[in-house]
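Notes for the one structure printed next.
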Amino acid sequence: MALVTIESEITGNVWKIEAAAGTATEEEDVILILESMKMEIPVESPEKGIIKEILVSEGDQIQEGQDLAILDTGD
Amino acid sequence: MKAAVLREANKPLEIEEVQVSKPGPREVLVRPVAAGVCHSDLHFLDGSYPYPMPTILGHESAGIVEQVGRDVTYVKKGDHVITCLSAFCGHCNKCLTGHLSLCASPEVSRAASEQSRLSIQGETVHQFLNLSSFAELMLIHEHALVKVREDMPMDRAALIGCSTTTGVGAVFHTAAVEPGSKVAVIGCGGVGLAAINGAAIAGAGQIIAVDMVDSKLELAKAVGATHTINASSGNAVGEVIEMTQGGCDYTFEAIGLKATAEQAFQMLCSGGTATVIGMIPVGTMVELHGVDFLAEKKIQGSNMGSNRFRVDMPRFVDFYLAGKLHLDEMISKHIKLADINLALEALKTGQEARHVIMFDQ
């Protein structure tokens with residue numbers, strides 16, 4: 001099992017969570033959508049895997065570099 | 001209604017039939033008359049700024065109020081308005097300290113749990129920057145528009161919705177340029193030209209326009225540049241330092257590149273301020289020579305000209321009608337919505353000013 005932590009590249013709010021823990025994802029599937037400076041910014045899966053844990057909730061304020069989700073790539 | 005829908009980065013927009021929700025209590029339905037095709041739209045089209053899809057781009061428009069929500073008192077059906085992406089809540093810390101353009105309150109957009117403002121047969125269409133103006137109708141928060149006088153031509157008014165406010169506002173508000181000062185503007189697209197025009201209105205003594213396209217440098221002269229530099233022919237930083245005998249009090253970067261942001265800082269005299277307006281791609285780092293801070297050189301960002309748009313935009317309209325703000329020169333072509341992809345392609349070449357979509361009324 002290889003775990004990949006997905007971090008935020010920006011400071012903003014969590015607008016929508018698109019994939020719950022346990023969801024199978026392909027590379028570039030949208031996991032959640034952040035809102036920052038009026039922009040909606042999708043956070044995509046960096047590779048194929050299964051979402052092990054979502055670390056934030058809708059409406060949360062998040063900082064640049066903050067952990068958002070953990071992906072199990074199964075390697 | 002018809003709208004230009006983006007379903008995948010780097011693919012043409014497609015004209016599709018899109019459903020618009022009914023106005024919520026504080027929402028306004030606007031029928032756009034004109035919409036500018038802005039270079040910022042390209043950043044989202046090419047994926048350098050990722051955005052959820054499908055979406056409808058466009059964020060620079062003027063139109064007429066069609067319908068208002070039950071709690072809206074600011075506008076009524078028939079009012080002429082300019083839209084602005086700097087929607088403000090009016091009661092957060094940023095708003096209450098005068099920084100309305102930095103308001104990050106989610107209440108100006110619909111929550112993820114609500115019906116989306118835009119959809120295609122039940123599929124959510126993500127509203128772009130709370131606006132999405134490449135469409136025959138816009139459903140927006142009442143704090144995303146400003147009333148303007150009805151003798152203002154709508155195509156010119158549309159430009160005030162983004163490029164003018166961004167460029168002029170960066171000069172007036174973010175940098176607060178002093179009369180008589182020395183200014184350089186890197187990049188002479190719509191925003192850079194607006195910054196040059198703003199510097200002229202602010203009374204700057206020397207205004208140097210920097211670009212790599214001669215036709216844009218000619219436009220820069222028409223809107224207030226006192227000097228021009230074609231950066232493709234040599235060392236723009238060195239030329240600015242020489243022309244100003246030591247550097248500028250204020251520089252503005254209006255492209256969105258690491259190299260030009262760094263050049264804007266290098267062009268400063270001691271105590272000068274560089275303002276980065278351009279959208280530098282996510283993940284890009286900017287490098288500065290640390291010793292320059294001993295000379296009190298400063299660098300700062302500017303988002304939408306640090307605007308207070310309900311105050312600023314009617315003033316810009318007055319500036320235009322008084323002949324001080326040059327908007328006629330900014331429009332290179334009027335097009336139909338169906339020709340949107342041609343306009344976006346033209347923007348990529350960097351050779352033209354702005355195309356403006358005119359909607360059938």
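The values are calculated or read from the model by the stated rules, or taken from the named source; none is laboratory data. All of these numbers come straight from a predicted model, not from anything done at the bench. Cβ: placed from backbone, ideal geometry, glycine included. Neighbour counts: every protein chain shown. Just the protein is used for accessible areas: all its heavy atoms, side chains included, with ligands, DNA and RNA removed. Shrake-Rupley method; radii C 1.70, N 1.55, O 1.52, S 1.80 Å.
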Self-check item: Choice from B:Gly161, B:Gly323, B:Gly205 with maximal GNM fluctuation in chain B (Cα, 10 Å cutoff)
Solution: B:Gly323
Quiz prompt | Approximate spin-label separation A:Leu55-B:Lys348, in nm, with each point projected 7 Å along Cα-to-Cβ | solution = 3.8
Quiz item: Ballpark to the nearest 100 Å², how much total accessible area do A and B bury together, probe 1.4 Å?
Solution: 1500
Quiz item: Just how large is the dipole of the protein assembly as shown about the Cα centre, in debye to the nearest 20, putting +1 at every Lys and Arg Cβ and -1 at every Asp and Glu Cβ?
Solution: 1680
Quiz prompt | Within segment A:42-75, backbone nitrogen closer than 13 Å to the virtual label 7 Å beyond the Cα of A:Thr11 toward Cβ | solution = A:61-66
Practice problem: Filter the cross-link list B:Lys258/B:Lys336; A:Lys48/B:Lys11; B:Lys11/B:Lys94; B:Lys147/B:Lys324; B:Lys94/B:Lys336 down to pairs whose alpha-carbon distance in this structure exceeds 32 Å. | Solution: B:Lys258/B:Lys336; B:Lys11/B:Lys94; B:Lys94/B:Lys336
Quiz item: In the neighborhood of B:Ser113, defined by Cβ-to-Cβ distances under 12 Å, what is the net charge if each Lys or Arg adds +1 and each Asp or Glu adds -1?
Solution: 0
Quiz item: Roughly how many whole Å is it from the C-alpha centroid of segment B:93-145 to that of segment B:153-174?
Solution: 20
Quiz item: Using a simple charge model, +1 on the beta-carbon of Lys and Arg, -1 on the beta-carbon of Asp and Glu, nothing else, what dipole does chain B show about its Cα centre, in debye to the nearest 20?
Solution: 780
Practice problem: Note down the accessible area of B:Val286, probe 1.4 Å, to the nearest 10 Å². | Solution: 60
Quiz item: If you roll a 1.4 Å probe over the protein assembly as shown with all protein chains in place, what percent of the accessible area is carbon or sulfur?
Solution: 50
Quiz item: Which of rounded, prolate, oblate describes the protein assembly as shown, given a ≥ b ≥ c as roots of the alpha-carbon gyration tensor eigenvalues and a/c under 1.5 marking rounded, otherwise prolate only if a/b is larger than b/c?
Solution: oblate
Exercise. Please report how far the C-alpha centroid of segment A:16-64 lies from that of segment B:227-282, rounded to the nearest whole angstrom.
Key: 38
